[in-house]
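This structure is in structure tokens; I'll ask about it shortly.
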Amino acid sequence: MKEVRTRFAPSPTGYLHLGGLRTALYTYLYARRNGGKFILRIEDTDQEREVAGAVDMIYQSMHLAGLTYDEGPDVGGDYGPYIQSDRKAIYQEYAWKLVEKGAAYPCFCTKERLDEARKAAEAKGETFKYDKHCLHIPLEEAKKRIAAGEPYVIRQNIPTEGKCGFDDVLFGHIEVDCATLDDNVLMKADGLPTYNFANVVDDHLMAISHVMRGTEYLSSSPKYDLLYDAFGWEKPVYVHLPVVMKDQTRKLSKRYGDPSFEDLLHQGYLRDAIINFIALLGWSPRNDREFFTLSELEQIFDLEGLNKSPAIFDVNKLRWMNGEYVRKLPFEEYYKLALPWFEKAGVGHVDTRRLAELMQGRTEVFGDIPEMVHFLAEMPEFDNELYTHKKMKTDPAVAKQALTMIKPVLEGIDEWTETNIHDVVMAAVAESGMKNGQVLWPLRIAISGLANTPGGAFEIAYLLGKGETLKRLNQSMEKL
Ligand code: GLU
């Protein structure tokens, strides 16, 4: 069998969106599974869309995602250059080969002429198709005009009849009438190729065996096959991947503020959880298993498990999955990752290790941490009704009684450890004849201002320290 060589070919237009990450991941996994090579190619021929710094962002994203490529602009390889703008001369050479074969031709039509023809087509309710106006210019004449400096493009000469088609692993045989296809531009007036041309030349010259990309290229692929035929080149295996949807009707898109891979990392999702989740957006191992490391995926990923229907990006499922990963982190790892979020919340001064122990089981996404722990830095406003709890048999009146009883007890504790607070408070409660909940619930509310907190009254009192606990207790009692 031919060596498997796959490529991820992003355009440098910004952060890696999740659909792109999925393509990159599947492309990577397929190469690894088959002992092949994974290549990164930068498709920067549409310079108007290019965003400054985006190429570096792509390297960075691939690195963050753990998708190591064997060949690419920054790592080299035998099939370079791997940035399309560095391959200008190659495209020129191959475009002219097509011209010589009659499969392409130079076109000198002005923008005005094309705009007019487009308008006329639209007025008739038709889609504009180039009318092969320049096809009949003899090649010698065309070359003279080019030499004289006249601007031109090179167009693909699509047959006017017959069928053209190709085979896709997921979508089967796709065939269209050639007459429906347009003589697309292969080389632009700026001397750069269009995607339509560059992808074919590069995939061939880079010996790509399997082309994986989004279904948006499904409809143009018959045209690419005509190019392969014109050159007499062997075609790659095509796998067009269905889009990733936000919901039933909308595509996931950064234009609508949907997160990129980097956004998710910044929000405090774990790389491994994101990769695991993305792997399952359109692929399944055909059993119930849900958790996979990247290296496990490298062993089992296959084309048979791909799904033809669009996948839906369910952020709640990602949150859940992330939470599962967070819980399984070794404590030290969790602590290291949580600490910056504690600091961000202004609670870096408390016993953060203890706080981390209390938080690990409750953290779904690290970005949730500040909101959950900020009360330790600043006492929130709260309504006295929060003291009311049926099951605990408390209300503001009971709370007043409980807090009045417990305050001097807390004041008497010298060594402010969690165990001491626990033992001393529990003894006082037992002596008072009140129920545990009647004291502990109001105490926790009085010092946290929240119905839900990581840890109970003892843990929070400990984290706040004696001074702050008593200060909050006094303030809350004044309000009662
Ligand atoms: N540059 C194209 C894109 O970013 C890649 C398409 C392909 O993989 O062939 O969508």
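Go through the range 105-138 and report how many residues are over 17 Å from ARG155 (Cα atoms) and not charged (D, E, K, R).
The qualifying residues number 5.
Determine the pairs where a residue that is modelled with pLDDT under 95, located within the range 197-219, has a partner that is within 12 Å of the ligand (Cβ to nearest atom) and part of a strand (DSSP E or B) with Cβ atoms under 7 Å apart, the partner being 6 or more residues away or on another chain.
Hits for this filter: GLY214/HIS240; GLY214/LEU241; THR215/HIS240; THR215/LEU241; TYR217/HIS240; LEU218/HIS240.
Please verify whether ALA397 is touching a Ser or Thr at 6+ places or on another chain (Cβ under 9 Å) and part of a helix (DSSP H, G or I), treating the condition exactly as stated.
no
Quick check on my filter: what residues within the range 420-461 are more than 17 Å from GLN475 (Cα to Cα) and among the charged types (D, E, K, R)?
Listed by number, the residues that qualify are ASP423, GLU431, LYS435, GLU459.
What are the residues in the range 282-322 that are surrounded by fewer than 18 Cβ atoms within 10 Å (Cβ to Cβ), assigned to a helix (DSSP H, G or I) and either over 21 Å from the mean Cα position of the chain (by Cα) or touching a residue at least 12 places away in the same chain (Cβ under 8 Å) (or both), if any?
GLU298, GLN299, ILE300, LEU303, GLU304, GLY305, LYS317, ARG319, TRP320
Hey, could you check the range 1-59 for residues that are assigned to a loop (DSSP other than H, G, I, E, B) and of a type in the set (Val, Ile, Thr) and say which is farthest from the ligand (Cβ to nearest atom)?
Only one residue fits best here, namely VAL4.
If you check VAL373, VAL429, which single one turns out to be of a type in the set (A, V, I, L, M, F, W, C), more than 51 Å from the chain's Cα centre (by Cα) and not in a loop (DSSP other than H, G, I, E, B)?
Answer to the check: VAL429.
Could you tell me whether the range 177-184 includes any residue that is under 38 Å from the mean Cα position of the chain (by Cα) and hydroxyl-bearing (Ser, Thr, Tyr)? Spell out how you get there, then give the answer.
Taking the range 177-184 first, the residues under 38 Å from the mean Cα position of the chain (by Cα) are 177-178, 180-184.
Right, trim to hydroxyl-bearing (Ser, Thr, Tyr) and you get 180.
The answer is yes, given that some residue of the range 177-184 is under 38 Å from the mean Cα position of the chain (by Cα) and hydroxyl-bearing (Ser, Thr, Tyr).
Residue-by-condition table, conditions (1) on the phi > 0 side of the Ramachandran plot; (2) crowded, with 17+ Cβ neighbours inside 10 Å; (3) at pLDDT below 95; (4) not in a strand (DSSP E or B):
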residue: GLY125; (1), (2), (3), (4): yes, no, yes, yes
residue: ASP131; (1), (2), (3), (4): no, no, yes, yes
residue: GLU141; (1), (2), (3), (4): no, no, no, yes
residue: GLU150; (1), (2), (3), (4): no, no, no, yes
residue: ILE154; (1), (2), (3), (4): no, yes, no, no
residue: CYS164; (1), (2), (3), (4): no, yes, yes, no
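Still on this structure, I have one more. Could you please find all residues in the range 191-223 being in a loop (DSSP other than H, G, I, E, B) and more than 12 Å from the ligand (Cβ to nearest atom)?
Correct list: GLY191, LEU192, ALA207, SER209, SER219.
Is there a residue in the range 48-60 that is aromatic (Phe, Trp, Tyr) and buried (at least 18 other Cβ atoms within 10 Å of the Cβ)?
no
The values are calculated or read from the model by the stated rules, or taken from the named source; none is laboratory data. Quick caveat, the model's predicted, so the values are computed rather than measured. Neighbour counts run over all protein chains shown; Cβ positions are idealised from the backbone, glycine included.
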